[in-house]
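Contents: one structure, followed by commentary.
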Amino acid sequence: MEKAIREILEKIGEDPDRPELLQTPRRVGESLLELTKGSRESLDEICAGSIFDEPSQAMVLVRDVSFYSLCEHHMLPFFGRAHIAYIPDGKIIGLSKLARIVEHFSRRLQVQERMTQQIAETLHGLVKPEGLGVLIEATHLCMVMRSVQKEGSVAVTSALRGSFLRDERTRLEFLALVGRGFKIPTP
């Protein structure tokens, strides 16, 4: 990897042998491995022992889970917050595991739309809730630093399942708890 990064430095007109860049190939390689560790982790290991029987049917919400990812189109960062809620149907998952699931899917070359769906599908598969909602808000540096250069723009994606999709009251409760006033249309 270091050899490839040296070549990239040369291609952009830099001298990889200048003192300030001598350690850059190693550092960039280490950074890329850290930023893409989700591709090499086991989701089963992350979630092992974290599913519990629970008769509660009260909405569970973890809001403002920060994340960082790399856009698979430009390998530039996008970052933001994920909000995850579900209504249990006999099973719950440890709250910290929701943040770990976000981390698992964000730490890879990714697109926000897919990441939102992956988080929803994973949680749905693990606890089979009566309903769930995932809302992600992110700033994409590929939009801010290059191309259209729209600083302050935020992309919002959502995935709704079960009662969050069918029942407007449940959907509105989720959005109110997340703190967003917009209305998602029903299918």
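All of S96, S106, S163 fail the test of being in the same structural domain as E54 (by TED's automatic domain parsing), in contact with a strand residue (DSSP E or B) (Cβ under 6 Å, 6 or more places away or on another chain) and closer than 16 Å to L61 by Cα, apart from S163.
Is it the case that some residue within segment 14-26 is touching a residue at least 24 places away in the same chain (Cβ under 8 Å), in a helix (DSSP H, G or I), outside the structural domain of R171 (by TED's automatic domain parsing) and not β-branched (V, I, T)?
Taking segment 14-26 and keeping what is touching a residue at least 24 places away in the same chain (Cβ under 8 Å), we get 25-26.
In the following step, the residues that additionally are in a helix (DSSP H, G or I) were identified as 25-26.
Checking the rest, the ones that are also outside the structural domain of R171 (by TED's automatic domain parsing) come to 25-26.
Cutting the leftovers down to not β-branched (V, I, T) gives us 25-26.
Yes, there is a match, as at least one residue in segment 14-26 is touching a residue at least 24 places away in the same chain (Cβ under 8 Å), in a helix (DSSP H, G or I), outside the structural domain of R171 (by TED's automatic domain parsing) and not β-branched (V, I, T).
Note on segment 132-154: residues that are modelled with pLDDT of 90 or more and either among the charged types (D, E, K, R) or farther than 25 Å from Q110 by Cβ (or both) amount to 1. Residues that are under 18 Å from H73 (Cα atoms), modelled with pLDDT under 95 and part of a loop (DSSP other than H, G, I, E, B): does segment 108-124 have at least one? No.
Would a scan of segment 98-105 turn up a residue that is surrounded by 16 or more Cβ atoms within 10 Å (Cβ to Cβ), outside any strand (DSSP E or B) and touching an Asp or Glu at 6+ places or on another chain (Cβ under 8 Å)? Please lay out each step first, then the result.
Going through segment 98-105, the residues surrounded by 16 or more Cβ atoms within 10 Å (Cβ to Cβ) turn out to be 98-105.
Imposing the further condition that a residue be outside any strand (DSSP E or B) reduces the set to 98-105.
Retained after the next criterion (residues that are touching an Asp or Glu at 6+ places or on another chain (Cβ under 8 Å)): 104.
There is at least one residue in segment 98-105 that is surrounded by 16 or more Cβ atoms within 10 Å (Cβ to Cβ), outside any strand (DSSP E or B) and touching an Asp or Glu at 6+ places or on another chain (Cβ under 8 Å).
For segment 170-186, the condition holds for at least one residue, the condition being that it is outside the structural domain of L70 (by TED's automatic domain parsing), modelled with pLDDT under 95 and polar (S, T, N, Q).
Here A82 passes the criteria (1) out of contact with any Ser or Thr (no Cβ under 9 Å at 6 or more places or on another chain); (2) not in a helix (DSSP H, G or I) except the one numbered (1). With respect to the conditions (1) under 17 Å from S66 (Cβ atoms); (2) surrounded by 20 or more Cβ atoms within 10 Å (Cβ to Cβ), L95 lacks only one, and its number is (2).
The conditions are (1) surrounded by 14 or more Cβ atoms within 10 Å (Cβ to Cβ); (2) within 24 Å of G133 (Cβ to Cβ); (3) at pLDDT below 95, and I51 fails exactly one of them. Which is it? Unmet for I51, out of (1) surrounded by 14 or more Cβ atoms within 10 Å (Cβ to Cβ); (2) within 24 Å of G133 (Cβ to Cβ); (3) at pLDDT below 95: (3). Quick check on my filter: what residues within segment 106-135 are touching a Phe, Trp or Tyr at 6+ places or on another chain (Cβ under 7 Å), within 17 Å of T36 (Cα to Cα) and without any contact (Cβ under 8 Å) to a residue 60 or more places away in the chain? Q112, M115, Q118, I119 - these are the residues of segment 106-135 that are touching a Phe, Trp or Tyr at 6+ places or on another chain (Cβ under 7 Å), within 17 Å of T36 (Cα to Cα) and without any contact (Cβ under 8 Å) to a residue 60 or more places away in the chain. In summary, T157 fulfils each of the numbered conditions (1) more than 18 Å from M59 (Cβ to Cβ); (2) at pLDDT 95 or above; (3) assigned to a helix (DSSP H, G or I) with the single exception of condition (3).
Please find, within segment 27-63, the residue that is farthest from H124 (Cα to Cα) out of those that are of a type in the set (V, I, T) and assigned to a helix (DSSP H, G or I). Spell out how you get there, then give the answer.
To start, the set of residues in segment 27-63 that are of a type in the set (V, I, T) comprises 28, 36, 46, 51, 60, 62.
From the residues that got through so far, the ones that are assigned to a helix (DSSP H, G or I) too are 28, 46.
Working: V28: 36, I46: 16 Å.
Once the filter is applied, the top-ranked residue is V28.
The values are calculated or read from the model by the stated rules, or taken from the named source; none is laboratory data. In this text the structure is predicted, and so the values were computed from the model without any measurement. For neighbour counting, all protein chains shown are included, and Cβ atoms are generated from backbone atoms with ideal geometry for every residue, glycine included.
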